[in-house]
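Enquirer: One structure coming up, written as structure tokens, with questions to follow.
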């Protein structure tokens, strides 16, 4: 029975005829995927515990003014170079004569200098830690928002229109992708802060503004999210409901935002969560190297950087802000991972925990 | 899908099983899901005799593929619960560990899957994958195994097997890949082939070639076959006996002639009625069975076909047992409460067998 | 395979060109405040008017943009680029850093691949069970660690409190192989941990996807042992995307991406050179390191694509539509 090789070109599309897991029609109707995801997430105790940890950290940094005014009675930038405090009845220098700051005194001074002083300027490390966390979280969240908006808008455009627009966006992303992220961040961070900042038409952003790291971080991570979004849009564009909307004469914008976007939400939410984590880590690295936030602003990363000169004598000046970053980033990563598992419809039949298609980092090439 | 059962005697002789090769008894497969226990296979029993072709027929989700996979120990989800007995040559297969099943898989029972496009590993040459199968069961030198692979490719009708053996799967067409899968399955000369919708994913002409290949292997090598399909046309061509499944249960089983000429279950009527017949005037519209298969999580009480059956009556709320209801055919069993005489009346739709849309 | 390599080379040259344009834009064109913004940037902090004038001349800031671009590339590639602050030749400094950077990156890469694959494999094989959950939390912790924090902790505990390892410095291999190794253990660990976490996650997810493939079921059906199924079919196919990833990441660390590790352990590599330049706000070294870093990534990416084609015959033979 000879068979022409030519039929390789006309291989039929295959349909999962007896695939159980695709047998949605036999399941319960009218149950929204969000409800199912919520039910799965609710059972993931570890993910919820880490979400709680994240909220605790948020409450911790939001309470900064309260601690500063009611307990420590000082501000994050107030120096106490020559002052003495009473610790358990004994007078001690905040900064010793050779420039060494006082270590953690815990509640020895009624909450003042709880974590000691930050260096030769004698600022209250605990107060700085709480205020610095606000900056770290703010940069993380806002830059993740920028990444998400850029990736969704350009991913939708590239995936929906295809053709030249897609190629152009793809080429730009390829070029950004070619840079080691940290080097690109440093190049932009130094170039923008060494001069007088960034001037875009009427807007001038000064070199020491926190908007410079925010914009840089939001920008450099865009390709990592844009590619998977584009891929999903490409898949969705072929679906019947989009064709149906087109046939009904829906405009392009309407199709993009009311037909395609709702189908991307689960991907977007997972990415957004993981992006906050990733961006906070990146901010800390940039700030540690001096290419992120600039004085007088300080974040957990820049505090660690500053404390690093005292690593031998006062290691807590590095390890405590670093630990805060670790806990925040870990809480978001674990929660984001649980969120992804919950939103992945594949886990509907098989109960085992499994990773989905969404890999926020360089995974999807 | 054009199926063409000839109106005369079907191909393949109707032999009664001696039940000595494979013996499945009261097999149940359930999956624990978040929505509850999903009964994919619910108390299915059947035998396969040596060199017999048994067809398992049913819609998507009727449990026929799960049944087949479970025989091979391939139902592996941790949430699956398997009960009942699967005996192959008097060896119990349920409860065996992977290592113990290895001697059966490939060597005694081979399996061919629905989609040949994805059933070969894309990164290895076709020949290597056949050699791998051979050498996993016996200490054969690589060169000898390769010869055997070429021989098998030739046996399943692949042209120029000496050069084709070194091709990658993507260089094969769909039909050739399915042939290669069959060659791989048969390389160790198993006595039973489980073919899970082997032709569904292929072009119509290629489908016929694959089915004829299976038939030839059955006749020439005495290979027993379990053919899983939803295509009654294919069944009519080659099967000896037929098992009809619906919602995880066997609803009717018997010889090919019994099922095609004296079907007892309304679901079988529906399947037969929806065949296109070349020997009849073309109907305006192909008849179909109304409604959807029931949820396997919460199947209806009583007869599971009741919600879709136009002939349902009071007693159908009681689950019907699978039993022989015809005194003249003790092997022909079904799950329907109606009396055989009523059935003969009800299944007649415009002079042929079918399921009426209205009772 | 010839045409495939040719296509990839053409693409590589185009991307390299685009990369150099982007570097040019960042350092020379990005709008900053005031006149001479770019010249001021490159001259560095506390630059005298005379120095800024010299920079204007060296970089041809009075000329057209294409001319400026050519001047800048000539400066970088001819090896004549000089730091205006230290007066040292940038290329010489980068060359001096290469042995340390290579030692750090190659060692760390071996560690991260070995442990990443091991943990990912174990995690996938035991998916959903305790081993998997434990490894998942460990991997996520690895991904969440700030590099400077891990390095600091290692130094404080394994070098200061319990003096097992030296707290830094690079000893060239040819001087003393043993000291080379001892000095690099902490830096290797620091650099590898993040990637171990990340690679094990990616491999786990790839393997779980591959496990659902029909050919894995078919491999079991033909009677292969579970070990063979997992290594020859699941792992082999799941590793293919990891190769791409590895190429990009390895190139990034070799090209100067291991900045924090090099800085903290004082390894005097390319990354530390860049880090010190940030502290001094000295742009020419950063310019060069960024450009070379990106070049490395593009180059490796091409190599990886060729390797990828070797691993996945569908691409090698050019029959796959999605060549990318």
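Just so it is clear, none of the values below were taken in a lab; they were calculated from the coordinates. Predicted, not measured: the structure shown is a model, and the values here were computed from it. Neighbour counts run over all protein chains shown; Cβ positions are idealised from the backbone, glycine included.
Enquirer: Peptides C:196-208, A:263-275, B:342-354: what's the order by average Cβ count within 10 Å, highest mean first?
Expert: C:196-208, A:263-275, B:342-354
Enquirer: Here's a follow-up. Checking a compactness column here: for the protein assembly as shown, what do you get for Rg(Cα) / (2.2 N^0.38 Å), N being the number of residues?
Expert: Expressed relative to 2.2 N^0.38 Å, the Cα Rg reads 1.12.
Enquirer: First check a/c for chain C, with a ≥ b ≥ c the square roots of the eigenvalues of its C-alpha gyration tensor; if it is under 1.5, answer rounded, and if not, answer prolate when a/b is larger than b/c or oblate otherwise.
Expert: oblate
Enquirer: In whole Å, how far is the Cα centre of the range A:94-129 from that of the range A:210-257?
Expert: 50
Enquirer: Across peptide C:223-232, how many C-beta atoms of other chains are within 10 Å of each residue C-beta, on average?
Expert: For peptide C:223-232, the averaged partner shielding equals 5.
Enquirer: Same structure, new question: Sticking with the crude label model, points 7 Å out along Cα→Cβ, report the distance from residue A:46 to residue A:263 in nm, one decimal please.
Expert: Distance between the two pseudo-spin positions: 3.2 nm.
Enquirer: Related question: Equivalent ellipsoid semi-axes for the range B:155-275, as square roots of 5 times the alpha carbon gyration tensor eigenvalues: give them largest first, rounded to whole Å.
Expert: Semi-axis lengths for the range B:155-275 are 31, 15, 12 Å.
Enquirer: Shielding by partners for C:289-298, please: the mean number of other protein chain Cβ atoms within 10 Å of each residue's Cβ.
Expert: Neighbouring Cβ atoms belonging to other protein chains average 5 per residue here.
Enquirer: For an R0 of 45 angstrom, estimate the FRET efficiency from the Cβ-Cβ distance between residue B:170 and residue A:204 and round to the nearest 0.05.
Expert: 0.20
Enquirer: Cut-off is 10 Å between beta-carbons; in what order do A:38, C:180 appear when sorted fewest neighbours first?
Expert: Lowest count first: A:38, C:180.
Enquirer: Round to the nearest 0.05 the FRET efficiency obtained for residue B:261 and residue B:91 when R0 = 51 Å and r is the Cβ-Cβ distance.
Expert: Here the calculated transfer efficiency is 0.90.
Enquirer: Turning to a different aspect of this structure: Shape call for the range B:78-210 from the C-alpha gyration tensor, a ≥ b ≥ c root eigenvalues: rounded (a/c under 1.5), prolate (a/b greater than b/c) or oblate?
Expert: oblate
Enquirer: How big is the Cα convex hull of the range A:102-213 in projection, averaged over all directions, in nm²?
Expert: For the range A:102-213, averaging the hull's shadow over all directions gives 10.7 nm².
Enquirer: Sort C:300, C:77, B:305 so that the residue with the fewest other Cβ atoms within 10 Å of its own Cβ comes first and the one with the most comes last.
Expert: Ascending number of Cβ neighbours within 10 Å: C:77, C:300, B:305.
Enquirer: On to the next question. If I stretch the segment between residue C:46 and residue C:14 completely, what's the gain in nm (0.36 nm per residue apart, minus their alpha carbon distance), one decimal?
Expert: Separation in residues times 0.36 nm, less the Cα-Cα distance, equals 7.7 nm.
Enquirer: Taking every pair of distinct Cα atoms and averaging 1/r, then inverting, what Kirkwood hydrodynamic radius in Å comes out for the range B:115-184?
Expert: 11.7
Enquirer: Using a basic spin-label model with each label point 7 Å from the Cα along Cα→Cβ, how many nm lie between residue C:57 and residue C:87?
Expert: Computed distance between label sites residue C:57 and residue C:87 equals 1.6 nm.
Enquirer: Contact order normalised by length for the range A:24-123, with contacts defined as Cα pairs under 8 Å and 6 or more residues apart; what percent is it?
Expert: Value for the range A:24-123: 19 percent.
Enquirer: Relative contact order for chain C: what is it in percent, counting Cα pairs under 8 Å that are at least 6 residues apart?
Expert: In percent, rounded to a whole number, it is 24.
Enquirer: Neighbouring Cβ atoms within 10 Å as the yardstick, rank B:231, B:257, B:26 fewest first.
Expert: Ordered by Cβ neighbours within 10 Å, fewest first: B:26, B:257, B:231.
Enquirer: Of all DSSP beta bridges in the protein assembly as shown, what percent run antiparallel (nearest 5)?
Expert: In the protein assembly as shown, approximately 70 percent of DSSP beta bridges are antiparallel ones.
Enquirer: Sorting check: for B:127-135, B:105-113, which peptide has the highest mean count of neighbouring beta carbons within 10 Å, and how do the rest follow?
Expert: B:105-113, B:127-135
Enquirer: Could you state the angle between the C-alpha long axis of helix B:174-186 and the longest principal axis of the C-alpha atoms of chain B, as a value from 0 to 90 degrees rounded to the nearest 10?
Expert: With both axes taken from Cα atoms, the answer is about 80 degrees.
Enquirer: Sticking with this structure for a sec: Averaged across the residues of A:39-49, what count of C-beta atoms belonging to other chains lies within 10 Å of each residue's C-beta?
Expert: That average works out to 1.
Enquirer: Defining a contact as two alpha carbons under 8 Å apart and six or more residues distant in sequence, what relative contact order in percent does chain B show?
Expert: In percent, rounded to a whole number, it is 21.
Enquirer: Whole Å is fine, so just give me how far the alpha carbon centre of the range B:248-278 lies from that of the range A:65-81.
Expert: About 85 Å separates the Cα centre of the range B:248-278 from the one of the range A:65-81.
Enquirer: Starting from the Cα-Cα distance between residue C:67 and residue C:178, subtract it from 0.36 nm times their residue separation and give me the gain in nm to one decimal.
Expert: 34.9 nm
Enquirer: Nearest 10 degrees is fine. How inclined is helix B:142-155 to the longest principal axis of chain B, computing both from alpha carbons?
Expert: 40
Enquirer: Output the 0 to 90 degree angle, nearest 10, between the alpha-carbon long axis of helix C:130-144 and the longest principal axis computed from the alpha carbons of chain C.
Expert: 0
Enquirer: log10 I(q)/I(0), Debye, Cα-only chain B, no solvent, q = 0.14 Å⁻¹?
Expert: -1.19
Enquirer: Say R0 is 51 Å: what FRET efficiency, to the nearest 0.05, do residue A:239 and residue B:348 get from their beta-carbon distance?
Expert: 0.75
Enquirer: Here is a further query. Calculate the length of the line joining the C-alpha centroid of the range B:321-353 to that of the range C:116-131, in whole Å.
Expert: With the range B:321-353 and the range C:116-131 each reduced to a Cα centre, they are spaced 54 Å.
Enquirer: Rounded, prolate or oblate, given the Cα gyration tensor of the range A:208-348, with a/c below 1.5 counting as rounded?
Expert: prolate
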